[in-house]
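Supplied in structure tokens, the structure appears directly below.
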Amino acid sequence: MHQNRELYLGKQVKSILEQKDVKLDLFIRDDGSTDGSRELVESIAATDPRVHLIIGHNVGYKRSFLELVNEPSMSDYDYFAFADQDDLWKMNKLAVLQERIVTLEEKNTHLPIMVYSNGKVFSNQGEGRRLYQRPRIISSFIDASFRPLYGMSFLINLPLRNILVETEASNFDLWGHDGWTAIVASAVGKVDFVDRDLVLYRQHGDNASGLKNDYTKFSLGFLLATMKTIKQREHSWEYKLSSLSEELHVSLSDKVNAQSASLIQRLTSSNENRSARMKLFLS
């Protein structure tokens with residue numbers, strides 16, 4: 001629970017507890033709120049045993065999510081979803097995403113899996129554009145590191161959770177909880193997209209993380225974004241991917257799939273060879 005978001009918290013909790021066709025428990029981590037958020041959660045928990053309040057230090061909103069995933073009791077659950085307290089879930093969000101994971105697990109029950117849905121941006125003026133304006137396919141951890149993803153649209157399974165708690169990204173803040181989860185999932189297992197609007201992303205002045213760029217090709221935003229010089233873009237690309245290849249090699253070298261192992265090798269080589277680096281950059 002991010003600090004001081006009492007205004008939206010009650011509606012968010014309600015939208016989670018009203019999920020259809022699933023059994024769930026809701027764990028809420030308070031990281032030092034001072035606005036009455038804790039008291040609100042305590043009052044809800046007093047009447048609904050599915051709600052659990054955990055008091056913790058303020059480690060930033062990105063790390064708060066993984067602090068919860070690391071709780072020992074989490075190993076008793078099959079699936080896990082992140083929730084931003086100012087957003088809303090459609091009543092069938094968890095059921096739809098769980099059905100997709102179950103289908104994928106039929107082929108391999110031990111496969112780490114992350115599925116995520118589309119959604120709508122909304123404010124006091126009503127609903128706006130979709131979160132992902134184009135079909136969003138994550139084919140590699142490089143895709144996951146550069147394509148904007150929203151953690152409240154995720155559902156992950158227990159095998160992926162177990163790998164997440166065993167890894168510690170030294171440069172975690174570069175990726176965030178949602179980015180790192182998607183990177184790990186694509187590196188070791190499977191990421192799948194459900195193109196249905198199952199979440200509502202609230203846009204207001206106090207968002208912990210704002211709306212991410214998702215430009216339509218040849219739109220004005222896309223053209224402005226591509227006006228950066230090749231040198232600037234390459235420098236940014238180099239920094240992120242050199243950090244990423246090192247993180248994956250250190251944290252997940254014995255767990256990555258064959259495709260990811262090959263990509264890590266290419267990334268490592270590209271750090272020493274400009275020609276190889278440009279080939280990856282242009283791809």
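The values are calculated or read from the model by the stated rules, or taken from the named source; none is laboratory data. Please read these numbers as outputs of a predicted model, since none were measured by experiment. Neighbour counts run over all protein chains shown; Cβ positions are idealised from the backbone, glycine included. Accessible surface is based on the protein model in full, side chains and every heavy atom, while ligands, DNA and RNA are left aside. Shrake-Rupley method; radii C 1.70, N 1.55, O 1.52, S 1.80 Å.
Matching residues to (1) farther than 30 Å from Leu267 by Cα; (2) aliphatic (A, V, I, L, M):
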site	(1), (2)
Glu99	yes, no
Ser117	no, no
Asn124	yes, no
Arg129	yes, no
Arg134	no, no
Asp143	no, no
Tyr150	no, no
Leu158	no, yes
Ile163	no, yes
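Does segment 168-182 hold any residues that are more than 11 Å from the chain's Cα centre (by Cα) and either crowded, with 18+ Cβ neighbours inside 10 Å or at pLDDT 85 or above (or both), and which are they?
Of segment 168-182, the ones more than 11 Å from the chain's Cα centre (by Cα) are 168-174.
Within segment 168-182, Ala169 is the sole residue that qualifies.
Looking at segment 15-23, is at least one residue at pLDDT 85 or above and of a type in the set (Val, Ile, Thr)? Give the steps one after another, and end with the answer.
Narrowing segment 15-23 to residues at pLDDT 85 or above: 15-23.
Now restrict to residues that are of a type in the set (Val, Ile, Thr): 16, 22.
Yes, segment 15-23 has at least one match.
Let me ask another. Can you tell me which condition Glu106 does not meet? The list is (1) touching a residue at least 24 places away in the same chain (Cβ under 8 Å); (2) open to solvent by 10 Å² or more (accessible area, probe 1.4 Å), and all the others hold.
Against the list (1) touching a residue at least 24 places away in the same chain (Cβ under 8 Å); (2) open to solvent by 10 Å² or more (accessible area, probe 1.4 Å), Glu106 comes up short only on (1).
Which one of Asp21, Asp78 is closer than 22 Å to Ser117 by Cβ, within 20 Å of the chain's Cα centre (by Cα) and open to solvent by 60 Å² or more (accessible area, probe 1.4 Å)?
Just a single option satisfies the conditions, and that option is Asp78.
Further question: In segment 77-92, what residues are closer than 20 Å to Leu160 by Cα and outside any loop (DSSP other than H, G, I, E, B)?
Tyr79, Phe80
Taking segment 43-56 on its own, how many of its residues are open to solvent by 80 Å² or more (accessible area, probe 1.4 Å) and at pLDDT below 95?
1
What number of residues within segment 63-74 are open to solvent by 60 Å² or more (accessible area, probe 1.4 Å) and in contact (Cβ under 8 Å) with a residue 60 or more places away in the chain?
2
Do you know which of the residues in segment 104-151 that are small (Gly, Ala, Ser) and in a helix (DSSP H, G or I) is modelled with the highest pLDDT?
Result: Gly151.
Among Arg130, Arg100, Arg136, which is the only one that is under 28 Å from Ala261 (Cα atoms) and touching a residue at least 60 places away in the same chain (Cβ under 8 Å)? If you could, list the steps in order and put the result at the bottom.
Working: Arg130 fails: under 28 Å from Ala261 (Cα atoms); Arg136 fails: touching a residue at least 60 places away in the same chain (Cβ under 8 Å).
Testing whether each residue is under 28 Å from Ala261 (Cα atoms) and touching a residue at least 60 places away in the same chain (Cβ under 8 Å) leaves just Arg100.
Ser64: modelled with pLDDT under 95 and within 26 Å of Pro148 (Cβ to Cβ), yes or no? Show your work before the answer.
Working: modelled with pLDDT under 95: yes; within 26 Å of Pro148 (Cβ to Cβ): yes.
Spelling it out, Ser64 is indeed modelled with pLDDT under 95 and within 26 Å of Pro148 (Cβ to Cβ).
Val59: of a type outside the set (Gly, Ala, Ser), part of a helix (DSSP H, G or I) and over 21 Å from Tyr116 (Cβ atoms), yes or no?
no
Does Leu97 satisfy the criteria of being assigned to a loop (DSSP other than H, G, I, E, B), touching a Leu at 6+ places or on another chain (Cβ under 8 Å) and closer than 26 Å to Glu166 by Cα?
Answer is no for this residue.
Keeping to segment 40-56, report how many residues are out of contact with any helix residue (DSSP H, G or I) (no Cβ under 9 Å at 6 or more places or on another chain) and not in a helix (DSSP H, G or I).
First, the residues of segment 40-56 that are out of contact with any helix residue (DSSP H, G or I) (no Cβ under 9 Å at 6 or more places or on another chain): 42-43, 45-47, 49.
Now restrict to residues that are not in a helix (DSSP H, G or I): 46-47, 49.
Count: 3.
Further, regarding this structure: Every residue in segment 248-267 that is in a loop (DSSP other than H, G, I, E, B) and open to solvent by 50 Å² or more (accessible area, probe 1.4 Å), please. Write out each step before concluding.
Step one: list which residues in segment 248-267 are in a loop (DSSP other than H, G, I, E, B), which gives 253-257.
Those that are in a loop (DSSP other than H, G, I, E, B) and open to solvent by 50 Å² or more (accessible area, probe 1.4 Å): Ser253, Asp254, Lys255.
Let me spell it out: the conditions are (1) basic (Lys, Arg); (2) closer than 20 Å to Ala187 by Cα; (3) surrounded by 15 or more Cβ atoms within 10 Å (Cβ to Cβ), and Lys90 meets all of them except one. Which number is the exception?
(2)
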